[in-house]
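Engineer: Please read through the structure below; I'll follow up with questions.
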Amino acid sequence: MWIGALTIFPELFEPFLATSLIGRARERGLIAVEVRNLRDFTEDRHRVVDDEPYGGGGGMVMTAPPWVRAVRELSAGHSPWRVLLSPQGRRLDDAKVQELASRPELLLLCGRYEAIDERVRELVVDEEISIGDYVLSGGELPALVLIEAVSRCVPGVVQQASSVERDSFRRGLLDHPHYTRPPAFEGLEVPEVLLSGDHAAIERWREREALRATLAKRPDLVPGAALSAEQRAELARARADSEACKPRSGKG
Ligand code: 4HQ
C-alpha cells in the first residue's frame with residue numbers, strides 16, 4: 001500500500017513513522033509512505049502558501065494553486081484516493097478505516113491556518129475525514145492517526161493476525177478486561193477463572209465481560225454488535241435486571 005501526505009511540516013511525520021509497527025512495516029515493504037512539503041509546490045521566492053480571506057475577518061486561508069499542483073504531481077502515474085483531514089469531514093470509525101485500507105493508494109492533505117480555499121476541495125479532494133469533534137491546529141496528527149489505523153489493516157503488518165480480528169470494534173464491542181502478573185496487587189485479585197486453565201470457561205468470561213463493559217461505557221454500540229449466544233443470554237439477563245430496578249409506570 002502507498003500513502004502520500006502533503007503538509008508544510010513534513011518533519012512531524014518521520015519520527016513517528018520510523019517507530020514500532022509502522023517502522024517495521026515500511027522496512028518490510030508492506031507500506032510505503034511519501035511525505036512531501038507543500039512549499040515545494042509554490043512558485044514564489046518566499047514559498048508562501050497562505051493569504052487573507054476574501055470578505056475579510058480574521059485568520060489566513062491556504063491558497064489553492066500549490067495544493068492543486070502538488071496533488072496533481074503526486075497523483076501522476078497513479079490514482080490515489082485523495083483525503084482531506086478536516087473537522088468538517090465525516091467522522092473516522094473502524095468501518096471507514098477498513099474501507100480506506102482496501103485502497104492501494106491514499107493521498108492525505110494536511111492543512112494549517114484557519115482554512116483551505118474551497119476550490120481545493122472541489123478540484124482535488126475525493127473525501128473529507130475528521131478524527132473527532134474538536135479543533136486542532138493542523139491535519140498532521142489526524143493524518144498520522146489515519147495512517148496508523150489503516151496500516152494495522154494491511155495484511156502482514158500486525159504479525160499476529162488474530163489480534164486484529166479480536167480487536168475491540170472489529171467485533172462491534174469494547175474489549176474485556178486484561179490481567180497479567182502478579183496474581184494479587186494492592187488487595188485486588190485476578191478473576192479466578194483466568195487462572196483455571198479452562199479455556200472454554202475463559203472464553204465465556206471474556207465474552208460476558210466485553211458485553212458488560214460495552215453496556216456500561218458505550219451502550220450505543222450494542223445494537224450494532226454481532227453477539228454470540230453467550231452474549232445474547234447476558235444481554236437478556238442485564239435487561240431483566242434493569243427492568244426489575246425501574247420504578248413502575250404511572251397507572252400501575
Ligand atoms: N483540523 N480532524 C486542519 C482538525 C481536524 C480534525 C483543524 C484539520 C485545522 C487546518 N482534522 N485544520 N478534528 O481539527 O481532522
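Only the coordinates and a few stated rules stand behind these numbers; no lab work does. A quick note: this is a predicted structure, and the numbers were derived from the prediction, not measured. Don't worry about glycine lacking a Cβ; one is built from the backbone with ideal geometry, like all the others, and counts go over all protein chains shown.
Engineer: Note down all Cβ pairs under 9 Å where the first residue falls in segment 11-24 and is within 14 Å of Val154 (Cβ to Cβ), the second is surrounded by 13 or more Cβ atoms within 10 Å (Cβ to Cβ) and among the polar types (S, T, N, Q), and they're at least six residues apart or on different chains.
Structural biologist: These pairs meet every condition: Leu21/Ser151; Ile22/Ser151.
Engineer: Which condition breaks for Gly132 when tested against (1) assigned to a loop (DSSP other than H, G, I, E, B); (2) in contact with a helix residue (DSSP H, G or I) (Cβ under 7 Å, 6 or more places away or on another chain)?
Structural biologist: Checking Gly132 against (1) assigned to a loop (DSSP other than H, G, I, E, B); (2) in contact with a helix residue (DSSP H, G or I) (Cβ under 7 Å, 6 or more places away or on another chain), the one that fails is (2).
Engineer: Under the condition of being β-branched (Val, Ile, Thr) and closer than 22 Å to Leu107 by Cβ, which residue from segment 135-193 is nearest to the chain's Cα centre (by Cα)?
Structural biologist: The residue in question is Val145.
Engineer: What number of residues within segment 72-91 satisfy the criterion of being within 16 Å of the ligand (Cβ to nearest atom) and either among the aliphatic types (A, V, I, L, M) or over 24 Å from the mean Cα position of the chain (by Cα) (or both)?
Structural biologist: So the answer is 3.
Engineer: I've got another one for you. Kindly establish whether Glu122 is closer than 29 Å to Trp67 by Cα, part of a helix (DSSP H, G or I) and either in contact (Cβ under 8 Å) with a residue 24 or more places away in the chain or not β-branched (Val, Ile, Thr) (or both).
Structural biologist: yes
Engineer: Could you tell me how many of the residues in segment 46-76 are over 17 Å from Leu107 (Cα atoms) and crowded, with 17+ Cβ neighbours inside 10 Å?
Structural biologist: 5
Engineer: Given the conditions (1) free of Cβ contacts under 8 Å to residues at least 60 places away in the same chain; (2) within 13 Å of the ligand (Cβ to nearest atom); (3) buried (at least 18 other Cβ atoms within 10 Å of the Cβ), which single one is not true for Val145?
Structural biologist: So the condition that Val145 fails would be (3).
Engineer: Identify all residues within segment 119-133 that are of a type in the set (D, E, K, R) and closer than 15 Å to Ala5 by Cα; write none if there are none.
Structural biologist: Within segment 119-133, Asp126, Glu127, Glu128 meet the criteria.
Engineer: Among the numbered criteria (1) out of contact with any Lys or Arg (no Cβ under 8 Å at 6 or more places or on another chain); (2) more than 16 Å from the ligand (Cβ to nearest atom); (3) small (Gly, Ala, Ser), which one does Gly156 miss?
Structural biologist: (1)
Engineer: Just to be sure, is Arg36 surrounded by 14 or more Cβ atoms within 10 Å (Cβ to Cβ), under 24 Å from the mean Cα position of the chain (by Cα) and without any contact (Cβ under 8 Å) to a residue 40 or more places away in the chain?
Structural biologist: Yes, satisfied.
Engineer: Could you list, in sequence order, the residues of segment 197-251 that are of a type outside the set (Lys, Arg), assigned to a loop (DSSP other than H, G, I, E, B) and surrounded by 10 or more Cβ atoms within 10 Å (Cβ to Cβ)?
Structural biologist: Asp198, Ala225, Leu227, Ser228 - these are the residues of segment 197-251 that are of a type outside the set (Lys, Arg), assigned to a loop (DSSP other than H, G, I, E, B) and surrounded by 10 or more Cβ atoms within 10 Å (Cβ to Cβ).
Engineer: Do you know which of the residues in segment 92-113 that are away from the ligand (no atom under 14 Å from the Cβ) and closer than 19 Å to Arg69 by Cα is surrounded by the most Cβ atoms within 10 Å (Cβ to Cβ)?
Structural biologist: Top of the filtered list is Leu107.
Engineer: Given the residues Ala201, Ala244, Ala229, which is the only one that is closer than 23 Å to His178 by Cα, among the hydrophobic types (A, V, I, L, M, F, W, C) and more than 32 Å from the chain's Cα centre (by Cα)?
Structural biologist: Just one listed residue meets the conditions, Ala201.
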